[in-house]
Amino acid sequence: MRTRDPHRLGEGVLNRMVRILAERDIDPAVSTEPAEEPAAAPAADSSSAGLPPRYRNATADHPQVIAWVREVVRHAVAPNTGARRQVATGPSLLMAGVVGAGKTHQAYGAIRALRQAGIGVRWRATTAADLYADLRPRPGADSERELAAVSRCPLLLLDDLGAAKPSEWVEEVTYRLINRRYNLMLPTLVTTNLAIKDLRACLGDRVTSRLAQMTTRVEFEPVDRRRLRPA
Ligand SMILES: Nc1ncnc2c1ncn2[C@@H]1O[C@H](COP(=O)(O)OP(=O)(O)O)[C@@H](O)[C@H]1O
Ligand SMILES: [Mg+2]
């Protein structure tokens, strides 16, 4: 009779599942957590899956954002032969502009453009304020694990950096997150409505110095688009 090592069998099945999940853009580590709130209506097309309804049709048309998408696609790597290429290492952007300038729109547009380019995108999006709320130590929550997951996610949209009330804890958590992504060279889309000196005052030199090196700064026209059109 042929004997099978149950441990090895389990590993093979697990590896296959991980590969299948990766091919469908599902992070096995976070597959039970949607990237955003449950969608209110079906996505416009598959590139919009998981995006908040407001940004479902977002199109990245800023030249620097388009260039970033191209670079991330160029750096994409297939986890094994024959598999779809996935977001790997790559450059990051610091999108700076007034409230309503269109930063979040460009960021989601960039995620859609990566998908439309046919590469696998495991991504997470969070505002910095929501992230701090999720990472606050509290009974029953594994904040270290959550921080590790966000730090290692291939693509992160960190929205509205510097908008939360500054504190030593906020500075420390932001430093640990940015430092890990800096070391791993993982593409990160950061948006902020603060000038760099205010970001430094709020989050410290260790964060802003890394951001300065790892990101290209994208400036937005100082126009609040929310006041230009009805909701
Ligand atoms: N290029 C664009 N085309 C159409 N609508 C846009 C564009 N950029 C932004 N918007 C809309 O303008 C509003 C503000 O954009 P948003 O990205 O949320 O601003 P910010 O993140 O800079 O505060 C949103 O309703 C968004 O959908
Ligand atoms: Mg925004």
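Please treat every number below as a calculation from the coordinates, not as lab data. Quick caveat, the model's predicted, so the values are computed rather than measured. Heads up, the Cβs are rebuilt from the backbone with ideal geometry, glycines too, and the neighbour counts pull from every protein chain shown.
Please compute, over every Cα-Cα pair in region 55-227, the percentage with a separation greater than 31 angstrom. Value for region 55-227 (Cα pairs over 31 Å): 13 percent. Amide H to amide H distances under 5 Å link residue 218 with 94, 95, 96, where only residues 5 or more positions off or on other chains count and H is placed in the peptide plane. Its convex hull of Cα atoms gives region 97-146 a direction-averaged projected area, equal to a quarter of the hull surface, of 5.0 nm². Scalar couplings 3J(HN,Hα) for region 172-179, obtained by applying the Karplus form with A = 6.51, B = -1.76, C = 1.60 to θ = phi - 60°, are 5, 5, 5, 4, 5, 5, 5, 4 Hz; x denotes Gly and Pro. Could you tell me whether region 121-192 comes out rounded, prolate or oblate from its Cα gyration tensor? Rule is a ≥ b ≥ c as square roots of the eigenvalues, rounded for a/c under 1.5, then prolate if a/b exceeds b/c, otherwise oblate. Oblate shape, in that a/c is at least 1.5 and b/c is the bigger or equal ratio. Cβ crowding within 10 Å, taken as a proxy for footprinting-reagent exposure, orders 132, 108 from fewest neighbours to most as 132, 108.
Given in Å, the Rg to one decimal and the Dmax to the nearest whole number for the Cα atoms of region 139-231 are 14.7, 44. Size check on region 39-122: the Cα extents along the three principal axes, sorted descending, read 43, 30, 15 Å.
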